[in-house]
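First up is the structure itself, then whatever we jot down about it.
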Amino acid sequence: MMKKKVLAILAMFSSLAFARPFSVSFFTPERPKISLTQRFEYNLLYTQKYENSGYATVARVDANELFGQGGFYANTKSTDIAFQAFYAPCFWDLVSIGVSAKYHYYKFTDDYVGSSCEHNVLPGAFISLNLKNIWKIYVNSGVLLKYSIINAYPSNIRIDDNTSFLNVGCIFTPTADWLFFFDAGNCSLFEDDLIGAIQLNLGFSYRMFEHFKLGSEVYCKWIDGAVPQDSFSQFGIRVNAGVFF
């Protein structure tokens, strides 16, 4: 069934692409879009592992074929630093195909695990379908390489755990002021879970002034998609405020 779905997606991309003359853009020589966003989140479903609230600062640079973002996230239980980059040349002014890479440092700050930490490296592939600069449908998949250091007596415990990641989503931009988005997968900028976990994000942003925007999103998470009734670990809202140039 999964193979049939992948083949159907590839067939859709191919039919749209070959209906127009071939062209390719490796880099767009124009000033990139730069933004800085402050984010506050509140988890309505409290658990011992996840804190009720968190705060993040994220900077983004968008140069069309080349995109990068990085930031800092913190709550009372953990601190995260992450950097992510995409490079995807655009073919037929429609389909972007390229690579992605991310580094994520996760440090526990609660009393139970002390200064234990985790290093995650995520190399992957990226493909997106861009329809008239209004719809963007994307798939990002690759390898999730985890290296954990757990403080224990008499010596630290080191764990290597290699798995995979998959994210799919879409971005809808009906006007220059409004943007809506949906994302599903087992990874986000500040979270990297095993392939059985599922994260869902649905939100919007609105440009109130020339260089200022506000937004909000609803998010939820299952730590094991096989048993959703026992593993629903997060459900909350985020509020975003950002400046862009």
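The values are calculated or read from the model by the stated rules, or taken from the named source; none is laboratory data. Given the structure is predicted, the values throughout are model-derived calculations rather than measurements. Glycine also receives a Cβ, built like all others from the backbone with ideal geometry; neighbour counts cover every protein chain displayed. These area figures cover heavy atoms from the full protein model, side chains too; ligands, DNA and RNA do not enter into them. Shrake-Rupley method; radii C 1.70, N 1.55, O 1.52, S 1.80 Å.
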Self-check item: For I97: the one exception among (1) modelled with pLDDT under 90; (2) touching a strand residue (DSSP E or B) at 6+ places or on another chain (Cβ under 6 Å); (3) among the β-branched types (V, I, T)
Solution: (1)
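Conditions tested, residue by residue: (1) within 18 Å of the chain's Cα centre (by Cα); (2) within 23 Å of S78 (Cα to Cα).
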residue	(1), (2)
L179	yes, no
G185	yes, yes
L202	yes, no
M208	no, no
Quiz prompt | Qualifying strands (runs of 3 or more DSSP E) (wholly inside the range 174-223; at least 1 residues being buried (at least 17 other Cβ atoms within 10 Å of the Cβ), of a type in the set (G, A, S) and at pLDDT 95 or above) | solution = 198-209, 212-222
Practice problem: Filter the range 41-92 for residues that are at pLDDT 90 or above, open to solvent by 30 Å² or more (accessible area, probe 1.4 Å) and not in a strand (DSSP E or B) and give the result. | Solution: N64
Quiz prompt | Pick from the range 107-131, criterion under 21 Å from F86 (Cα atoms) and either surrounded by fewer than 17 Cβ atoms within 10 Å (Cβ to Cβ) or at pLDDT below 90 (or both), ranking: farthest from the chain's Cα centre (by Cα) | solution = L131
